[in-house]
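Colleague: Before anything else, here's the structure in question.
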Amino acid sequence: MVETDTTSPENGIIPKDKKGVELWEWLKKLLKQAAAKLARRDVPEDDPDKKAAKAVLKNIQKITEKIKEEAAERGESETIEEVDKKFPPKIREAIEALHVEDFIDNHYKDIVPILGRVAEGALGIDAAIAEIGIYVAHRTGLDKRIGKAIASKLINKVKDAKLRLELGQRREDKWHVEEAEKAIEKLTQMAEADVPPPERPREKEERQRRPSRSEEDIATLKTRLEDRMSTKDLEWFDTIRDPEEFARHYQEEVRKLMNPDEAAVAKGKVAVSADKAREMVSEEATKFVMNSLMAIYSPILDEEPREFFEKQAQNAGNFQDNPQNAAQVFSTMLNGLKEQSKIKSADMSLEPDVRKSLKEKQFRRLEKRKSVVLNDQSGQLEEAVLAATELGETDISDFAEYLREVLETGQGTIEFGHNFKLLTTLGPKEGREGPESFFKQIGGYAEGHFTADRIDTAFRLPYNDVVQASKQKFQSSYARLFLENGWQKDPRMLERFLESMPAAERRVKDELREQFGEETPEWAINWAFHMGRTMYFGLDFGFHEMVSWADPNLKYDGSSTLTGSGYMRGYFDMFETAKMTNTISKDKHLAEAVWLPYTIDMTKVKYDSTEWTKIGRARWNDSFAMGRMGFADSFLDGQKQFIDLGNITKVGGWGTNTGWRVREGYNTWLMPEFKGNTEDKLDIDPKGPDGDRLKFVNSWKRVENIGIPIVENFMQQYIINKTGDMPGKTNPPEFVEAVQSLGDFFFDRYFSDGGGTVNDMGRQLLDPDLQTKEALRKYIGEILTKDVYIGSRQDRLIKILNHVSTVMTFEQLPAHFITMEKQRMTEYGVTLFSQVQGDFLAKEGGSGHEKDAKERADKALANLIYVQEKLRIDASAQMEKIQDTPHKNLYGDLDSLKSSVMGGKGVMVDEKYIRDILETRFAKDKDMDEAERKKLIQDTVEVYATIKKQIVKPPDMDDIRRNKALAGLETKDKKRFEAVEKKVTEGKVKSRAAWWSSALTENVFGHSVSQPSVAMKFINVAAAGPDIVKRDAEQAADCAETLHTRTTELYHVMKEGAKAARDKGPQAGYEPLAKWIGSLKQPIQKQLNSEIAYMVDFRAAQLINMFFKNDDDANKWWKLQPQRYWANFKQKSVSGRFIDPGEPIWSWNKDTEAGWAEYLYRDGKLKRDPPKGLGVKYTEVDNNLTRRVLQRIPIIGRGIKGKKMFVRDHINTFTYRDLKSWSNSDWREVLKHNYLPAFILALIALGVISAKKGSEDIKVT
C-alpha cells in the first residue's frame, strides 16, 4: 500500500513528510487501493489496509481541508483544483463502501418497514433496493446506487433472530415472524449475487448508454400513462430515452409551428417565428411532464390522507406497479436523458449535425436571473440570483434537468400538501427531546420537499394563473365555511374536514373547472387544485390562522366543547384553552386572571378581583350576542382583556410572519432598470443626488399592484423602521419631505375623490383635524420632528398606513368585510352578512322566507368573491403587459395618480367591473335564462353597494335596536341600555372601516387578512432562503406553540411561588415566576427579535401581577398591612378565590407588587429603559384643573398656555417602572394622577424638571 505507518491514518494524522499535491496524491493512492477491500466481505475487519482506509475516511473532511489549506500556502491551489476534478468519484466510492458497513451495523432497523412490505408481497425486490438507496441517500447524502450493496448486506441481518423477533413485535403494522421468513427467502436469492466486481471503462460507458431503468419498468409506466394521456404526450414519452430522438421530435414540432400544413391552416393555425415556436414547444414538453405527474399519482390525489404520502402511494397498486415506483422510474428517465445528452454531445463517432443539435441552445426554460437587491445593513446594491418570469435559452442536457426540476416541484409540493393535511389530524409524535408538535413536524417535512425555489417555480410554470386562483379560492372557501359557522369552532367541522374531498374543497375544484375549464385541460385543473391547496395550507398556514381567529363554541352546557389539541386548536392563540372552556365552569387553566384587562389605568379605578373577574367573564360571553356593546356599561369598555391577547408573537405563514423575508421577495421591483452604473439609486433612497421628494411615492407605486401586504411591508421596512423614534435620533429634512410627499399621495389616492375632497371612507378614518391634504402634511412633519412625539412616531405612521390598507382592502377584497367579520368583535353584535340577509328577506316577503333570503345572500356573496378573485388574475395579466412597455415596471406611468391596470382605475372592484365579469361568467351557462342572470348580477351589485355604504356608517340607535339582545336591555336592564345609548349619541362607536383599521393596528386578527391580494408570480420567495416554510414552521413551533404550552403550566408555577413565599419570603416566591417568564423568552428570542420577546415578558409579568393582586379595599393602609396567607384574605385576590383547598394563599399588597417589578428588573427580565422599537409613549391630557392652576403661575403659565400637555403613557410603555405604575403600586404615580398640579409644582420646586422643557413624565408642546 504505502510506506506510511497504518497507525497514522487510524489516528487521523496526516503524514508529515507529505505536502500539497504530494499529500493529495497520497490520499488518492490510499483510497484507491483500499476501496475494493472496503466493499468486500471476505476481507477481515482487522485487515491493516481496511482499518487504515476506514480511519482516513472518518476524518476525510478534516484531512481534505487541511490539504487544501497547505496547498494554498504553497500557491498550488490551481493544481489541486485540477486534481480535485478528477478525484471525487474515487473518494465517493470509498466513502460509500464505508457507509455500507456502518449503515448495516447502525441503521438496519430503519429499513424494517421496507423489508416488511417485501414480505407482504407489496413491494418487489428491485423496488426495495431502489427505496433503500433513496433512504440511504436521504440519511447520508450519498448516491442512491449504493442501495444494492446495502440491500445485499441486509440479507444477513434479516436472518438474525433478533430482527425476526423485532418484525414479529410490530403488530400494529401486521408484520409477523412468518412474513419475515418470506422476506428472508426472497432476499437470500438476491444476496448470492453480492456486490459486482469493478467495471472496466468500456463496460461502464456502455452501461451509461443503456436506459437506467429496466424495459419492464418503463413499459409498466407507459401502460399507466396511456389511459390518461394524449397521443401527442405519449410521443414525448417515447423520445425521452434517447436524446437524439428527443431533439429530432422537438425540432419537428418547431417546424410544424413555423410552417403549418394545409390541415393546420384550415383549423386556424398561423405561422410563428422560430423563437416563438421554440418557446411554445418547450412549454409543451413542460406540460407533458406536469401531466405525467398528475397521471402517475391520480390513484391517490383525491383520497383521504390515511398514511404519509410515500407509503400511501406505494400501497396504491401492486408491488411492481404503484405511483411511487412509477414516479421514480420517470425521474430516472429524465435524469438519463440529461446524462446521455452529455455523453453523446461529446461522442466524436456521431455525426457533427447530431452533436450540434445536442449542444445547440434551442430549448427554452424558466431561468434563474441575476438581479440587484439592496443590502439593508450595508446600504449597498448587491447582485442576487432569483427566479425569473421570462424564458431563457438552453441546450438539451440543461433542459432535461429543468424538466426533472418541474417533476420534483410538483411531486414535492403535492407530497408536502398531503402530509400537511394528515398531520393536522394526528397528535404529537415522539421525538428525541420529547413529543414533537405539529409545526415542528411540518418543518421537518418541508425541508427537501416544499422549498422556496419550488414555490417560485409553481407560480411561474404553465397555468400559473390557475394556481393563483386556486390558492385564493381555498382561502375564500374556508372563510365561507367559518362564516357559515359564525366564526365559531363547531366540532362537526372536523368531520367535514377529514372527508376525502370536503365540501369547501369541492367548491374550489368546481369553480376552477367553471372559470378555466374551456381553455384548461382537466389534468391542469387538478395540478392547480393541488398546488393551490398546498400553498394555502403549507405556505400561508391559512387554515390554521383561521382556526385561531375563530372563537370556541360556547353553547354547550358546563364542559369544554373541543380539546386543546389537534386540528381545531388555535395554534397562534395564547389563551385558546381558556377560551374553549364554558363560561359557567371554573377555569383552573389561568384561574380567572384571563378575564381581567391589561390596558386599564389602575390609578383611576377601584380594583375588586371578585367583581372584575365576574364582570369580565360575563361581558366577554355577552359579546357573542352584543358585540363590543356588551362592555358599554362596565370598566372594560374600550379595554383589552388578557384572553384576547391572541397572536402576541405575530408568527404564522409567509404573509403573516412578515419582515425582511417578505421584503426580499419584492426588492427587485423597487428599482428602475439597473445597468451596472454605480450612480444609479433606488427609488427608496431619500438621500439621492437629486434629492427627489418623490422617492417613496414612486417606490410605493412600483409594488402597489403586487398586493396589499407588499405595500404594507414596504412602508414598514423602508420608512417606519427607518424613522428615528428614540431620544437623540433626528429625521433628516429630506427624509421628512419624502414621507410628507408620500402622505400627499395617500390623501389624493386613498382618502379623496381625486379632486382634493375627502371621500366617505377617508372621512371616517382620518381624524377630524386631518381632513385636508395640507393638514395631513403638517401632521406628518410634526410627528417626525417634534420631540413630544418621540416614542410614538412609528405608531402614528402605522396608523396612517392601516387607514390606507383598509381602503385598499375595500377596493380589492370588498367581500372580506363580510367573510372575516366575527359577531363578537363587531361594534354592536350585528354582522354585515346578517344585514345583507335581512335586506334579501325583506325583498322575499319577510318572515317565512328566511331560507330563500339566505340562499340569495349566499349566491350574491359567492359571486362577489368570484369577482374579486378574477380581479387579481386580470390585474396580473395586465401587469405583465405593462412590464413589456417602455415603463418597465408593474404600475405604468409613475406620474399618474392611479396605475394603468384595469383601464387606469388601478386594482379595484367597482359596479361596472362586477357587471362585466358576471355577464361573461353567466353567458357560459346555457341553461340560465336572462331573468335569472339579471337577478344574480343585480343581487351581487346590491351586496357590494351595501358593503360600501355600511362600512363607513357608524351605528345609530335604530341599528342598535335591530340587535334583539341589546334591544332587550331597554326593558330588562335600563342602566346598561342607557350606557349603550350614551355611547352612540356621543359618537364613540366606530364604523366598520374604522374598526378594521384599528384592528390592523392592534393585530386583532392575528394574521394577514389581505394575503389573497398578493400576485405570487411577481414574488421571489427564494430570495429569503430555500427553507422559508421550514423556518416559518419552526418559528410557529418555538413561539406560538411554546407560548401556548407554557401558558397551560402557569397555574402550577403560581402555586409553587406561593409555597416558596410562605416558607422563605417574597423574594423566593418571585423566583419560580421569573424563571417561568424566562422560559417564554428563550425560544421566542431565538426565533424572533428581542422586542417581541420582551413584550411577551412584560405581558406575562402583568398577568401574574393580576393573579396575585390584592383588592384595593385590602390596601387602604398598605404600609401597615403585612403579607398574609390565611383564610380571612381568601376573597381579596384572584389567587385567594381560586387556589386549591389547602394550598397557601399569596395575596400581594402594594409593596409586594412593587417588589415584583423590581425583582424582574434585577433579574434582567425587564429594563429601566424600553428596548429599541418600544420607546417611551405619551398620551395627551385634558386636565382642566391642572391647566387652571398652572396658568396662574408666572412663567409656567405662559409656557403652557394654548399648548398641548402630554403625560407618560404607562399602559403602552414597557419598563419595570411602568409595570409598577400600571399596577398602581408606585406612590409617585398615585400622587401624580390624583394630585397632578401639586405634583408638578413639587417637582419644579425641587428642581427635578424645568417649567419650559417638562420632564421624562410630562411634556408640553
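The values are calculated or read from the model by the stated rules, or taken from the named source; none is laboratory data. All of these numbers come straight from a predicted model, not from anything done at the bench. FYI the Cβ positions are ideal-geometry reconstructions off the backbone, even for glycines, and counts take in every protein chain you see.
Colleague: Quick check, is residue 317 assigned by TED's automatic domain parsing to the domain that holds residue 232, without any contact (Cβ under 8 Å) to a residue 60 or more places away in the chain and surrounded by 16 or more Cβ atoms within 10 Å (Cβ to Cβ)? If you could, list the steps in order and put the result at the bottom.
Modeller: Working: assigned by TED's automatic domain parsing to the domain that holds residue 232: yes; without any contact (Cβ under 8 Å) to a residue 60 or more places away in the chain: yes; surrounded by 16 or more Cβ atoms within 10 Å (Cβ to Cβ): yes.
Against the criterion (assigned by TED's automatic domain parsing to the domain that holds residue 232, without any contact (Cβ under 8 Å) to a residue 60 or more places away in the chain and surrounded by 16 or more Cβ atoms within 10 Å (Cβ to Cβ)), residue 317 qualifies.
Colleague: Can you confirm whether segment 525-535 contains a residue that is surrounded by fewer than 23 Cβ atoms within 10 Å (Cβ to Cβ) and modelled with pLDDT under 95?
Modeller: no
Colleague: Quick check on segment 1170-1201: of everything there that is under 26 Å from residue 792 (Cα atoms), surrounded by fewer than 16 Cβ atoms within 10 Å (Cβ to Cβ) and charged (D, E, K, R), which residue is modelled with the lowest pLDDT?
Modeller: Here the residue is 1201.
Colleague: Tally the residues that are among the hydroxyl-bearing types (Ser, Thr, Tyr) and surrounded by 21 or more Cβ atoms within 10 Å (Cβ to Cβ), restricting the search to segment 884-921. Give the derivation first.
Modeller: From segment 884-921, those among the hydroxyl-bearing types (Ser, Thr, Tyr) are 885, 891, 896, 899-900, 913, 920; that's our starting set.
Adding the requirement that they be surrounded by 21 or more Cβ atoms within 10 Å (Cβ to Cβ) leaves 891, 899-900.
Number of matching residues: 3.
Colleague: I want to confirm something. Restricting to segment 769-799 and keeping residues that are of a type in the set (Gly, Ala, Ser) and in contact with a helix residue (DSSP H, G or I) (Cβ under 9 Å, 6 or more places away or on another chain), which single residue is surrounded by the fewest Cβ atoms within 10 Å (Cβ to Cβ)? First the steps, then the outcome.
Modeller: Applying the first criterion (of a type in the set (Gly, Ala, Ser)) to segment 769-799 yields 775, 781, 791-792.
Cutting the leftovers down to in contact with a helix residue (DSSP H, G or I) (Cβ under 9 Å, 6 or more places away or on another chain) gives us 775, 781, 792.
On the way: 775: 15, 781: 17, 792: 21.
It comes out as 775.
Colleague: Now for a separate question. What tally of residues in segment 299-337 results from selecting those that are small (Gly, Ala, Ser), within 25 Å of residue 441 (Cβ to Cβ) and out of contact with any Leu (no Cβ under 8 Å at 6 or more places or on another chain)?
Modeller: Total satisfying the criteria: 2.
Colleague: How many of the residues in segment 649-665 are surrounded by fewer than 21 Cβ atoms within 10 Å (Cβ to Cβ) and either closer than 26 Å to residue 608 by Cβ or not charged (D, E, K, R) (or both)?
Modeller: Count: 3.
Colleague: Among the residues of segment 221-251 satisfying the criterion of being among the charged types (D, E, K, R) and outside any helix (DSSP H, G or I), which is modelled with the highest pLDDT? Walk me through it before giving the result.
Modeller: Kept after step one, since they are among the charged types (D, E, K, R), are these residues of segment 221-251: 222, 224, 226-228, 232-233, 235, 238, 241-242, 244-245, 248.
In the following step, the residues that additionally are outside any helix (DSSP H, G or I) were identified as 227-228, 241-242.
Values: 227: 81, 228: 84, 241: 84, 242: 87.
Across segment 221-251, the extreme among qualifying residues is 242.
Colleague: Output the number of the condition that residue 460 fails; it satisfies all remaining conditions of (1) of a type in the set (Lys, Arg); (2) in contact with a strand residue (DSSP E or B) (Cβ under 6 Å, 6 or more places away or on another chain); (3) at pLDDT 95 or above.
Modeller: (3)
Colleague: Ok, one more. In segment 286-326, how many are closer than 25 Å to residue 521 by Cβ and either in a helix (DSSP H, G or I) or more than 28 Å from the chain's Cα centre (by Cα) (or both)? Before the answer, list the steps.
Modeller: Going through segment 286-326, the residues closer than 25 Å to residue 521 by Cβ turn out to be 286-303, 309, 313, 316-317, 321-324, 326.
In the following step, the residues that additionally are either in a helix (DSSP H, G or I) or more than 28 Å from the chain's Cα centre (by Cα) (or both) were identified as 286-296, 298-301, 309, 313, 316-317, 321-324, 326.
Count: 24.
Colleague: Test residue 503 against the criterion of being aliphatic (A, V, I, L, M), within 23 Å of residue 824 (Cα to Cα) and modelled with pLDDT of 70 or more, and give yes or no. Show your work before the answer.
Modeller: Working: aliphatic (A, V, I, L, M): yes; within 23 Å of residue 824 (Cα to Cα): no; modelled with pLDDT of 70 or more: yes.
No.
Okay, residues lined up against (1) modelled with pLDDT of 90 or more; (2) surrounded by fewer than 22 Cβ atoms within 10 Å (Cβ to Cβ):
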{"site": "1012", "(1), (2)": "yes, no"}
{"site": "1017", "(1), (2)": "yes, yes"}
{"site": "1026", "(1), (2)": "no, yes"}
{"site": "1031", "(1), (2)": "no, yes"}
{"site": "1036", "(1), (2)": "no, no"}
{"site": "1039", "(1), (2)": "no, no"}
{"site": "1066", "(1), (2)": "yes, yes"}
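Colleague: Any idea which of 794, 835 is among the polar types (S, T, N, Q), assigned to a helix (DSSP H, G or I) and over 30 Å from residue 1170 (Cβ atoms)? Give the derivation first.
Modeller: Values: 794 fails: over 30 Å from residue 1170 (Cβ atoms).
Residue meeting the stated conditions: 835.
Colleague: Quick one: how many residues across segment 401-454 are in a loop (DSSP other than H, G, I, E, B) and at pLDDT below 90?
Modeller: Step one: filter segment 401-454 for residues in a loop (DSSP other than H, G, I, E, B), giving 425-428, 432-433, 437, 447-451.
Restricting the remaining residues to those that are at pLDDT below 90 gives 425-428, 432-433, 437, 447-449, 451.
Residues that pass the stated criteria total 11.
Colleague: Name, by its number, the condition in (1) closer than 29 Å to residue 243 by Cα; (2) touching a residue at least 12 places away in the same chain (Cβ under 8 Å) that does not hold for residue 353.
Modeller: Failed condition: (2).
Colleague: Scan segment 818-852 for residues that are farther than 24 Å from residue 621 by Cβ, surrounded by fewer than 20 Cβ atoms within 10 Å (Cβ to Cβ) and among the hydroxyl-bearing types (Ser, Thr, Tyr) and report the count.
Modeller: Residues flagged as farther than 24 Å from residue 621 by Cβ, surrounded by fewer than 20 Cβ atoms within 10 Å (Cβ to Cβ) and among the hydroxyl-bearing types (Ser, Thr, Tyr) within segment 818-852 amount to 1.
Colleague: Looking at 1074, 1037, 1058, which is the one that is in contact with a Lys or Arg (Cβ under 9 Å, 6 or more places away or on another chain), in contact (Cβ under 8 Å) with a residue 40 or more places away in the chain and over 30 Å from residue 448 (Cβ atoms)? Walk me through how you get there before you give the answer.
Modeller: Values: 1037 fails: over 30 Å from residue 448 (Cβ atoms); 1058 fails: in contact with a Lys or Arg (Cβ under 9 Å, 6 or more places away or on another chain).
The match here is 1074.
Colleague: From 310, 303, 279, grab the single residue that is surrounded by fewer than 16 Cβ atoms within 10 Å (Cβ to Cβ) and charged (D, E, K, R).
Modeller: Values: 310 fails: surrounded by fewer than 16 Cβ atoms within 10 Å (Cβ to Cβ); 279 fails: surrounded by fewer than 16 Cβ atoms within 10 Å (Cβ to Cβ).
On inspection, the qualifying residue turns out to be 303.
Colleague: I would also like to ask the following. With the checklist (1) surrounded by fewer than 18 Cβ atoms within 10 Å (Cβ to Cβ); (2) without any contact (Cβ under 8 Å) to a residue 24 or more places away in the chain; (3) within 24 Å of residue 366 (Cβ to Cβ) in hand, flag the one item residue 271 doesn't pass.
Modeller: (3)
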